[in-house]
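Attaching a single structure in structure tokens format; questions to follow.
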Amino acid sequence: MKESRSTLKRRVKNGESVLGTWCILPSESVVNVIAKTKMDFVLIDLEHGAIDFGCALRMVMAAEAEGCEAIIRVSANNKSEILKVLDMGASGVIVPHIETVRDRERAISFIKYPPKGIRGFSPYTRAGGYTSRDKHAIIENERILSGIITESMDGIRNIDSILDDPELDLVYIGAYDLSVALGIPGDTQNPKIIKIMEECTKKIRGKGKMTGGLFHNFEELKVLKSIGMQFLCYRVDSSVLFNAFHSVAEEFRSIK
């Protein structure tokens, strides 16, 4: 494990945008193919994907083999789960369903070692290079990208207070859940959603943090970049795979 491996935080703080995708398929082979395309990161989804910890570890390693950083969305704001994914050497963790200051406080405390948090300490993991090393806790506290997902109207209303933590690096805005909350399920490009994302991004960037979001095509990407988002996710692996083969199948059937 290289101590200087994680670069996403540095790059975004330097004003760059980074590109990745969601990985919902439990497959290290799929991740390795994606990583080979020079994506900056993959987001391994333990909330919606049928991915266990062993598979997640292999997916992290498959990404890193091609120089791609692996970030894991845990299924819940759970101390044990966050500890496991960090010990396997992921570049960062994203905690879903953050609606209050207390939610954020719990998430950050689980991610960080003391004195910044309460993460359990074992240097004999992949994150620690499998051996006791000097300053392991300090290195990890600096290395890990600490992210949350705000995906409810309560979370949006509390965004100012949620942001008030220097250890928080990333706020990902969950447009799909917001669309459901607003009664427009799936309409993630609705002006109501765009307005919320724009207003939140301004506040998030104003606090020196990065904002994340999902896009499906270049027109949507332009919108997200125009409002200041830097942590940009292109679709989901299952969707990209389905659409590629579905378009070929449709074209095949149309040729007489």
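The values are calculated or read from the model by the stated rules, or taken from the named source; none is laboratory data. Note that the structure is a prediction, hence the values are computed from the model and not measured. Every residue, glycine among them, receives a Cβ derived from its backbone with ideal geometry; neighbour counts consider all protein chains shown.
Just give me the residues in the range 203-214 being within 16 Å of L232 (Cα to Cα) and surrounded by fewer than 17 Cβ atoms within 10 Å (Cβ to Cβ), in sequence order.
Passing the criteria: only R205.
Okay, next question. Looking at (1) under 17 Å from V95 (Cα atoms); (2) free of Cβ contacts under 8 Å to residues at least 40 places away in the same chain, which is the one condition that is false for M210?
Result: M210 passes all but (2).
Could you please give the count of residues in the range 210-256 that are under 26 Å from I24 (Cα atoms) and either charged (D, E, K, R) or in contact with a Cys (Cβ under 6 Å, 6 or more places away or on another chain) (or both)?
8
Another question about this same structure. Within the range 228-242, work out how many residues are surrounded by fewer than 18 Cβ atoms within 10 Å (Cβ to Cβ) and either touching a residue at least 24 places away in the same chain (Cβ under 8 Å) or touching a helix residue (DSSP H, G or I) at 6+ places or on another chain (Cβ under 9 Å) (or both).
Going through the range 228-242 one residue at a time, the tally reaches 5.
Could you name every one of the strands (runs of 3 or more DSSP E) located completely within the range 8-107 that has at least 1 residues being small (G, A, S) and in contact (Cβ under 8 Å) with a residue 40 or more places away in the chain?
Passing ranges, in order: 18-23, 92-95.
If only one of K225, K202 is out of contact with any Leu (no Cβ under 6 Å at 6 or more places or on another chain), among the basic types (K, R), in a helix (DSSP H, G or I) and within 14 Å of L19 (Cβ to Cβ), which one is it?
Exactly one residue qualifies, and that residue is K225.
OK, next. Please identify the pairs in which a residue from the range 168-197 that is in a loop (DSSP other than H, G, I, E, B) has its Cβ atom under 8 Å from the Cβ atom of a residue that is of a type in the set (K, R), counting only partners at least 6 apart or on another chain.
That search, which allows pairs on different chains as well, returns L168/R104; L168/K209; D169/K9; D169/K209; L182/K192; I184/K192.
With L46, L19 as the choices, which residue is surrounded by fewer than 19 Cβ atoms within 10 Å (Cβ to Cβ), at pLDDT 95 or above and in contact with an Asp or Glu (Cβ under 9 Å, 6 or more places away or on another chain)?
None of the other options fit; the residue is L19.
While we're looking at this one, here's another question. Of these, V95, V12, which one is modelled with pLDDT under 95 and crowded, with 21+ Cβ neighbours inside 10 Å?
V12
Shifting gears a bit: Is the range 130-144 home to any residue that is of a type in the set (D, E), over 20 Å from K9 (Cβ atoms) and without any contact (Cβ under 8 Å) to a residue 60 or more places away in the chain?
For the range 130-144, residues of a type in the set (D, E), over 20 Å from K9 (Cβ atoms) and without any contact (Cβ under 8 Å) to a residue 60 or more places away in the chain: present.
The conditions are (1) touching a His at 6+ places or on another chain (Cβ under 7 Å); (2) within 24 Å of S29 (Cα to Cα), and G128 fails exactly one of them. Which is it?
It is condition (2) that G128 fails.
I would also like to ask the following. Does S161 satisfy the criteria of being modelled with pLDDT of 95 or more, in a helix (DSSP H, G or I), polar (S, T, N, Q) and within 21 Å of S109 (Cβ to Cβ)?
Answer is yes for this residue.
Which condition from (1) touching a residue at least 12 places away in the same chain (Cβ under 8 Å); (2) surrounded by fewer than 20 Cβ atoms within 10 Å (Cβ to Cβ); (3) outside any loop (DSSP other than H, G, I, E, B) is the one that F245 breaks?
(1)
Here's the yes/no breakdown for (1) in a loop (DSSP other than H, G, I, E, B); (2) modelled with pLDDT of 95 or more:
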{"position": "P115", "(1), (2)": "yes, yes"}
{"position": "A127", "(1), (2)": "yes, no"}
{"position": "Y130", "(1), (2)": "yes, no"}
{"position": "R133", "(1), (2)": "yes, no"}
{"position": "I138", "(1), (2)": "no, no"}
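Conditions tested, residue by residue: (1) over 19 Å from D103 (Cα atoms); (2) of a type in the set (D, E); (3) under 22 Å from the mean Cα position of the chain (by Cα); (4) exposed (fewer than 15 other Cβ atoms within 10 Å of the Cβ).
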{"position": "K135", "(1), (2), (3), (4)": "yes, no, no, yes"}
{"position": "R143", "(1), (2), (3), (4)": "yes, no, yes, no"}
{"position": "G147", "(1), (2), (3), (4)": "no, no, yes, no"}
{"position": "G155", "(1), (2), (3), (4)": "no, no, yes, no"}
